[in-house]
Amino acid sequence: MLNLSRRDFVVSTGLAAALGLNARLAISPAFAQKTPDPALGFVTYKVGAAEVTALYDGIWEKPHDPAFIANASVDDVKAAMVKAGLPADFVSIPFTVVVIRSAGKTILCDSGTGGQVQPTAGKMMANMKAAGIDPAAIDTILISHCHPDHIFGLMEKDTNKPVFPNAEIVISDVEYKFWTDPAVIDRLPEARKGLARRIQAVFPIWKNIRQVEGEAEVAPGIRFVGAPGHTPGHRAFHLASGSSQLMISNDTAYVPALVAANPGWRGVYDQDGAVAEASRRKLLDRVIADNIMICGYHFPFPGAGTIAKDGTGYALTVKS
């Protein structure tokens, strides 16, 4: 159970920084991060017998963009941020990677940005070591989807050399096949073509990638949960240990202040907005019905709490 105050865990935020290699956000040399990093970059808690450690990888303070939410204005977005107690002058997008120790195995849930997505990110490895987790001891890496902020931690920046060569990488077969299909590059927007090229240069030659169909058990006590729309094969991860459960929602509800409070809002980084909305509603309804604790890759660090219905939308609150 997390011992966090409401001030420590503000309701909201998140989004996948789904940019290709040739579409990084331009940052002025004078850029200064406004959001302070947490005093401690890791938080550990228990889910039944499983030990969960949230690792802070940094934050993206995304400038407002009229295209960010297709069916909401910048003013609507600002108002939603304020309602959630967040700054209105940018969209806060933290990156939080989860490590689970269960049944003698150490499982990494996504791999972080690798310091290759935003200049204020790339802090996962230092926080992992501070938490006493040896990167070489990672047995399994679960990949929710192939956006850069979730997979660039797998490969070194200039060489594409694997960062975790001895870990088994587990990914949905739908997601793998989508990104490794040579024909997909011509169908992608320009900003994502570089991403597909990098994946195709790396994944097919790595021998430690396992593709999984459907909602199979992928590690001790952890199952994939289908949540497509953000990408074709996007997966959440469901951890169960004894009577305790945790839904690692990844990018299903990436900015709770926006798309949980307003589940009908369609984000620019959702590949299929209608399917993503349906997945979001289905997952959050399941979490509520089954009284499951929830965390998200872009939720405010350390990213764990509960979801409840709130009018026509949903609200994230801290687990006390």
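Read-outs: derived from the displayed coordinates by stated rules, not from any lab. Quick caveat, the model's predicted, so the values are computed rather than measured. Every residue, glycine as well, gets a Cβ built from its backbone with ideal geometry; the counts of neighbours run over all protein chains shown.
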Rounded Å value of the spacing that divides the Cα centres of the range 36-83 and the range 169-201: 26
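Explain nothing, just the number: dipole magnitude of the chain about its Cα centre with +1 on each Lys and Arg Cβ and -1 on each Asp and Glu Cβ, in debye rounded to the nearest 20.
Using only the charged Cβ atoms, the result is roughly 260 debye.
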Among Val43, Gly58, Ile171, the residue whose Cα sits farthest towards the positive end of the charge dipole of the chain (+1 at Cβ of Lys and Arg, -1 at Cβ of Asp and Glu, taken about the Cα centre) is Val43
If each Cα of the range 37-167 is one equal point scatterer, what is log10 of I(q)/I(0) from the Debye formula at q = 0.18, 0.19 Å⁻¹? -1.00, -1.06
List the relative contact order of the range 42-318 as a percent without decimals, with contacts defined as Cα pairs under 8 Å and 6+ residues apart. 18
Report the antiparallel proportion of the DSSP beta bridges in the chain as a percent, rounded to a multiple of 5. 75
If you take every residue apart from Ile138 with its C-beta less than 13 Å away from the C-beta of Ile138, what net charge results, scoring Lys and Arg +1 and Asp and Glu -1? -1
By average Cβ neighbour count within 10 Å, what is the ranking of 277-287, 298-308 from highest down? 298-308, 277-287
Run the helix sum for the chain: -39,500 (n - 2.57) per DSSP H stretch of 4+ residues, divided by residue count, reported at 222 nm to the nearest 500 deg cm²/dmol. -5500 deg cm²/dmol
The set of residues whose placed amide H lies less than 5 Å from the amide H of Val91, leaving out same-chain residues fewer than 5 positions away, is Lys62, His64
Here are some pairs, Lys83/Lys309; Lys34/Lys123; Lys177/Lys309; Lys46/Lys207; Lys62/Lys161; Lys83/Lys193; which of them have Cα atoms lying more than 27 Å apart in this structure? Lys177/Lys309; Lys46/Lys207; Lys62/Lys161; Lys83/Lys193
Hey, any idea what Rg/Rh is for the range 93-230, computing Rh the Kirkwood way over Cα pairs? 0.94
Asp181 neighbourhood, Cβ < 15 Å, K/R = +1, D/E = -1, net charge +3
Of the listed values [x] 77, 48, 31; [y] 47, 46, 38; [z] 63, 44, 38, grab the one calculated as Cα extents along the principal axes in Å from the structure here. [y]
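I need the per residue convex hull volume for the range 234-320, using only the alpha carbons, in cubic angstrom as a whole number.
Here the figure is 89 Å³ per residue.
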